[in-house]
Amino acid sequence: MGRDRRHSSGPSGPGRLAHWLPTLLVLAIVAAAFASYRLDLGPRYLPWLSVDPQSEPAAIAPPPGVELPEWGTPEPVASVVPPARSGHVDQAAVAAALAPGLRDEDLGRHVVAAVGDLDGDGPVWTYGEGPVIPASTTKLLTGAAALEALGTDTRFTTRVVAGATPRDVVLVGGGDPYLASRPLTPEEARTTYPERADVVTLARETADALGDRARVRVQYDDSLFTGPSDNPKWRADYVPDDIVSPITALWVDRGASPTGYGYVDDPSAAAADAFADALREAGVRVRGNPAPTTAAPDAGELASVTSAPVADIVERVLEVSDNEAAEVLARHVGLAVDGVGSFEAGSAAVLATLRSLGVDTGTDVIHDGSGLSRLNRVSATTLLQVVQVAAAPENPALRPVLSGLPVAGFTGSLAYRFDTGSAQAPGRVRAKTGTLSRVHSLAGVTTDREGTPMAFVVAVDRAGEDDKLDAQQAVDRLAGDLAACRCTAG
């Protein structure tokens, strides 16, 4: 899964390729499985482990010549019955329900947990002490802060403006995390969420605006985000080894390489190349290669495309644990709060925004929006309060934090988990996952057997290296124990 070196070359030949191809395929599969387990990357590198509507039975076309009857509307099998009671979480009952699972040695030497009423303000029961490495549960903080600071309906605009001369056009990045290199097909558009803007449509609109101009030079401006594109608080090999893309305000396909493996070294330049190629396809003569620049503030706009709304982006980020899009959202929070779109400013702005919502962040420290940094430290109470604040009636704009949570055994990063433990968990536990080496966490919501909703957090960050899957399953079982308990007070 090497990076896309667009100007590299080397000796090759049919015989040599045939000799090495089986080995390369095995290595690619092993590397993909490793990335899926260690960093919540299953939906990206292992598509057969993600829930794709295109692969579901209802989306598979029948064989030629076979005519199937139209689907009818089924009769209801039962009326919807509300919970028999609306109570509160009982501290002693939670402690009793989780006590056996908390004794599991696979959890390691540092376990923290918290449970509270979904409509509460903090925990009614806690376990363990100190903050943990939150891993991808950090995305709960990022998502809530983005919704609050940016607004649910905000869209990010990618523009083409006039350059310094009549022959120059400038592609200006607006920080659209899902800007695509091509339009979706009609079938893809029906099954892809959220919607995607693309540079081909942008190029066609630009060509229409240019009219009879015979030639242009393409330049690009990615200055919306500042600071390094590789977070200094990440492991040094994350970007070089294609764990995550360099983060810029202008990219296509989240910085992914056109080869389908890894990321490009310069996502902004690659996006400009894709745009220039699309301009040529639209009939515009493009001179030379795109070059970086900074567009004039008052430059005339030739064309633009807009992203999906922030609410949809947050849901997607949480469901599939999208590291790249989470980092873009954090940069936007930094811009909205302090006018600076850097890793450092974004992280500080996320915590400041949560505090403005009433979340007690205490001594929490975060260095990114995705949770890839092992230097992040967040308390279980903070994570719990974020879930509770998102559920509060006075915060309807934060509801995508809850609706974006993966469903145990069904969707996103929980689609193929919860196959052990309580049978009550699948479909009833909704939680954000967090996975790094020796780190496993869940933070979300569930209901007990009496229908009482509760927010919960279970996290470990010193699990044994030899107990990787066992530790993850132990955390899942604890969440399942909550779904199976009778933890309603009284």
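The values are calculated or read from the model by the stated rules, or taken from the named source; none is laboratory data. Model, not experiment: these values are computed from the prediction. Virtual Cβ from ideal backbone geometry, glycine too; neighbours counted across all protein chains shown. For accessibility, only protein heavy atoms count, side chains too; no ligands or nucleic acids. Shrake-Rupley method; radii C 1.70, N 1.55, O 1.52, S 1.80 Å.
Scan segment 415-425 for residues that are open to solvent by 50 Å² or more (accessible area, probe 1.4 Å) and of a type outside the set (S, T, N, Q) and the total you get is 4. Between ALA146, ALA214, ALA197, ALA189, the distinction of being touching a helix residue (DSSP H, G or I) at 6+ places or on another chain (Cβ under 8 Å) and of a type in the set (Gly, Ala, Ser) belongs to ALA146 only. Which one is modelled with the highest pLDDT, of the residues in segment 426-438 that are part of a loop (DSSP other than H, G, I, E, B) and open to solvent by less than 30 Å² (accessible area, probe 1.4 Å)? Filtering first and then ranking leaves VAL429. Among the residues of segment 145-174, the ones that are under 26 Å from LEU383 (Cβ atoms) and either of a type in the set (A, V, I, L, M, F, W, C) or open to solvent by 30 Å² or more (accessible area, probe 1.4 Å) (or both) come to 8 in all.
All conditions in (1) open to solvent by 10 Å² or more (accessible area, probe 1.4 Å); (2) within 22 Å of ALA336 (Cα to Cα) hold for ASP253, with the sole exception of (2).
Can you report the number of residues in segment 191-203 which are surrounded by fewer than 19 Cβ atoms within 10 Å (Cβ to Cβ), more than 15 Å from THR306 (Cβ to Cβ) and in contact (Cβ under 8 Å) with a residue 24 or more places away in the chain?
2
When LEU184, LEU140, LEU171, LEU147 are screened for being among the aliphatic types (A, V, I, L, M) and assigned to a loop (DSSP other than H, G, I, E, B), only LEU184 passes. Residues that are within 16 Å of ARG449 (Cα to Cα) and touching an Asp or Glu at 6+ places or on another chain (Cβ under 8 Å) within segment 94-122 comprise ALA97, LEU98, listed in sequence order. Of the residues making up segment 368-403, those that are more than 21 Å from VAL112 (Cα to Cα) and in a loop (DSSP other than H, G, I, E, B) number 7. Taken over segment 144-200, the residue count meeting the criterion of being in contact with a His (Cβ under 7 Å, 6 or more places away or on another chain) and among the hydrophobic types (A, V, I, L, M, F, W, C) is 2.
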